[in-house]
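All remarks here apply to the structure that follows.
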Amino acid sequence: MLILFCYIEITVSEPTPESIMNAPLLQQAISLYQAGQADKAAAICRNVLQRQPGQPDALHILGNVAKDQGQLQQALQHFQQGLRVAPGHVHLLNSAGLLFRKMGYVQQALECFEQAIKIDPNYYHGRYNLANLCRAQGDLERAKELYRQVVKQRSGFADALANLSSILEEEHQLDEAESLAQKAVELDPNNYIARVTLANLAKRAQRHDDVLQHISPLLESSGLSPVNFTVAAGLLAQAQHGLGNHSQAFELYQRANDALFETHVGAMQGLRSMYAPESLQTLHEFFADRVPMERLDTQDNDTQDGQRPPVFLVGFPRSGTTLLDQILSSHSQIAVLEEKENLEDFYMRFPAAPERLQELVSCPDGELQTWRESYRRRIEDEIGLSTDRVVVDKLPLNTILLPYIRQLFPAAKIVFALRDPRDAVFSCFQQRFGMNQAMFQFLKLETAVRYYDQVMSLAKLYKDQLSIGMHVIRYESVITDFDDQVTGVLEFLELPWEEGVRDYQATAKQRRISTPSAQDVTRPLYTSSIGKWQHYREQIGGQFDPLQKWVEYWGYELHHQRVSN
């Protein structure tokens, strides 16, 4: 995730007799504010307001000073007071929109930006900030159109060019993305988004030296946010890996993770989400004490209400679920849900506490039916429901929630994606994820190993104690024996083979993929990720020793490990 650059513009509004008299003071206040002397600027604005109550430009400056100091409610009061006096003040509307976005009021932010550009269609700052908001909300088509309008209005606006190029790269429109990003860098050599986009394009083509060229100047800057630093350092690390410089790559992975750790450690302390290690421990203790359950007959693929249950694609992150997603999505009778927490509401009703888990296992079917209907409404909003398509709900860490799935959809089929534990854990350590309590564990190898052990201990417990059947598919086997492995999954889902599954790369190029594997699944199958962890034996040391029991349990000592760049 990149931090986008938003634009605030402070100017003096249309002249009135009072504002003409105060104009020199306001210009002085603007200069002081832009020079970082906010207190002096605020003092001048308060003086102006004593002479001219409600003066919108003074309130605008005071609002931005308050926002910069973290006094968001005070800032909002200043902006709203100014807009009551001057409702057509586009700069105030723009600043209010940015504040509303910062406070999480998306609809109010949209309304402010839209009102600003309605009042002044040439106000490209407001249009740019609206584009950023649309992009953040996932409305990429509108975001692209708005960025194009900004570029048309202001051809030298490097940030608009950069953001547009970034979206196009994600959508695999590579030539235009490269052209726009290069133009942005020509205009602004230190433009972060443009350089990252060029690095991503070079990474796709395995031009590792070009990645270094694009990214190295960014890391020399001291002004990067922690999030932006980790993205840049991660790209540089992957390039160093590609060049065979594994020691340098590991150091960069570690630096990136350390920066993210320091950013998020405070927020992660004390949380108790479904992904928290404490929640996993509670789940294990509760279900380990249950009387073993009989295996359900899942040949009947209907629930009590006569509707086909979804298939759940689970496992551990970085175990090939995105690749399998694209393969299955290429089948005409399958619809795959991209990674979303579709069971979150159900979990929140029965969180990982002994008394709530007891309520879960004894939940009456009437209430369960209500939850089934709620789940179906959620996925219908995303992809629509069709009786002739198999819905696959893909979220690797739904492994944790298999008892919930069994209770809600007793006949649901489970596809379990597996990868060499050492490769899976190291790949999690390498990647930059959106942050939650699971992804936080991956910032250090020690906690990543411990978390893998917890998740797989739960998977084994559920398989043995709750008799939850799973079709296990190995990432390595998909790479080396594609047709046989995919045929096995399709037979498990009671679906015929289709030639289209071999063309999964075309499917991937037509979809927006939110996981770190987005670029990888548009490439032909490759074996370089098999045994990748072995490049880092020296840096890992003994930290992977606790994984040995899972290496043996899953039979990976029997598998030949490939090692290449």
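The alpha carbons of the chain occupy a box of 85, 57, 44 Å along the principal axes, longest dimension given first.
Taken about its Cα centre, the chain carries a charge dipole of roughly 1300 debye when the Cβ of each Lys and Arg holds +1 and the Cβ of each Asp and Glu holds -1. Once the chain from Trp497 to Phe482 is taken as fully extended at 0.36 nm per residue, the excess over their C-alpha distance is 4.2 nm. Compute the helix-to-body angle for 277-288: its Cα long axis versus the longest principal axis of the chain, expressed 0 to 90° and rounded to tens. Relative to the chain, helix 277-288 is tipped by roughly 30 degrees. In the chain, the sites counted are chymotrypsin sites (Phe, Trp or Tyr not before Pro) in DSSP loop states with at most 14 other Cβ atoms within 10 Å, and the longest stretch holding none of them, exclusive of the sites, is 1-496. Sequence-ordered 3J(HN,Hα) estimates for the stretch 52-68 from the Karplus curve with 6.51, -1.76 and 1.60 and θ = phi - 60° stand at 9, x, x, 4, x, 5, 5, 5, 4, 5, 4, x, 5, 4, 4, 4, 4 Hz, glycine and proline given as x.
Before anything else, pin down the relative contact order of the chain: Cα pairs under 8 Å, at least 6 apart, normalised by residue count, whole percent. Computed over the chain, the figure is 12 percent. The label-point distance for Thr263 and Thr370, in a model that sets each label 7 Å from Cα toward Cβ, rounds to 4.0 nm. Could you tell me the relative contact order of the stretch 90-146? Use alpha-carbon pairs under 8 Å, at least six residues apart, and round to a whole percent. Reported relative contact order: 29 percent. From the P(r) of the stretch 54-158, can you give the percent of Cα pairs sitting at distances over 17 Å? I get 51 percent for the Cα pairs in the stretch 54-158 exceeding 17 Å. 3J(HN,Hα) along the stretch 317-334: x, 6, 10, x, 5, 5, 4, 5, 4, 5, 5, 5, 5, 7, 8, 5, 9, 10 Hz, from the Karplus curve 6.51 cos²θ - 1.76 cosθ + 1.60 with θ = phi - 60°, whole Hz, x for Gly and Pro.
The angle separating the long axis of helix 445-465 from the principal Cα axis of greatest extent in the chain is about 50 degrees. Taking the charge dipole of the chain about its Cα centre, with +1 at Lys and Arg Cβ atoms and -1 at Asp and Glu Cβ atoms, the residue from Asn191, Ile30, Ser362 reaching farthest to the positive side is Ile30. Derived scalar couplings between HN and Hα for the stretch 138-153 equal x, 8, 6, 5, 5, 4, 4, 5, 5, 4, 5, 5, 5, 5, 5, 6 Hz in order, rounded to whole Hz, by the Karplus curve 6.51 cos²θ - 1.76 cosθ + 1.60 (θ = phi - 60°), x for Gly and Pro.
Charge dipole of the stretch 359-509 (Cα centre as origin; +1 on each Lys and Arg Cβ, -1 on each Asp and Glu Cβ, all else neutral): 580 debye, rounded to the nearest 20. Compute the whole-percent fraction of alpha carbon pairs in the stretch 180-289 spaced more than 22 Å apart. Within the stretch 180-289, distances greater than 22 Å cover 46 percent of Cα pairs.
In terms of distances greater than 32 angstrom between alpha carbons, the cross-link table entries Lys394/Lys549; Lys183/Lys340; Lys203/Lys460; Lys40/Lys144 yield Lys183/Lys340; Lys203/Lys460; Lys40/Lys144. Could you please report the charge total around Glu145, scoring K, R as +1 and D, E as -1 over all other residues with beta-carbon less than 11 angstrom from its beta-carbon? Here the count lands on +3. The angle between the Cα long axis of helix 38-51 and the longest principal axis of the Cα atoms of the chain comes to about 50 degrees, rounded to the nearest 10.
Ordering Gln430, Trp550, Thr322 by the projection of their Cα atoms onto the charge dipole of the chain, which places +1 on the Cβ of Lys and Arg and -1 on the Cβ of Asp and Glu, puts Gln430 at the extreme positive end.
Projecting the Cα atoms of Ser179, Ile61, Leu283 onto the dipole axis of the chain, where Lys and Arg carry +1 and Asp and Glu carry -1 at the beta carbon, places Ile61 farthest toward the positive end. Between Arg537 and Arg142, the C-beta separation translates, for a Förster distance of 51 Å, into a calculated FRET efficiency of about 0.55. Loop-located GluC sites (Glu not before Pro) in the stretch 473-508 (DSSP state other than H, G, I, E, B) with a sparse environment of at most 12 neighbouring Cβ atoms within 10 Å: Glu494. Given the convex hull of the Cα atoms of the stretch 61-107, what is a quarter of its surface area in nm²? The number I arrive at for the stretch 61-107 is 2.9 nm². When all alpha-carbon pairs of the stretch 131-205 are counted, what percent fall beyond 22 Å? Considering the stretch 131-205, 13 percent of its Cα-Cα pairs are separated by more than 22 Å.
Read-outs: derived from the displayed coordinates by stated rules, not from any lab. Everything quoted here is computed from the prediction, not taken from an experiment. All Cβ positions, even for glycine, are placed from backbone atoms using ideal geometry, and neighbour counts span all protein chains on display.
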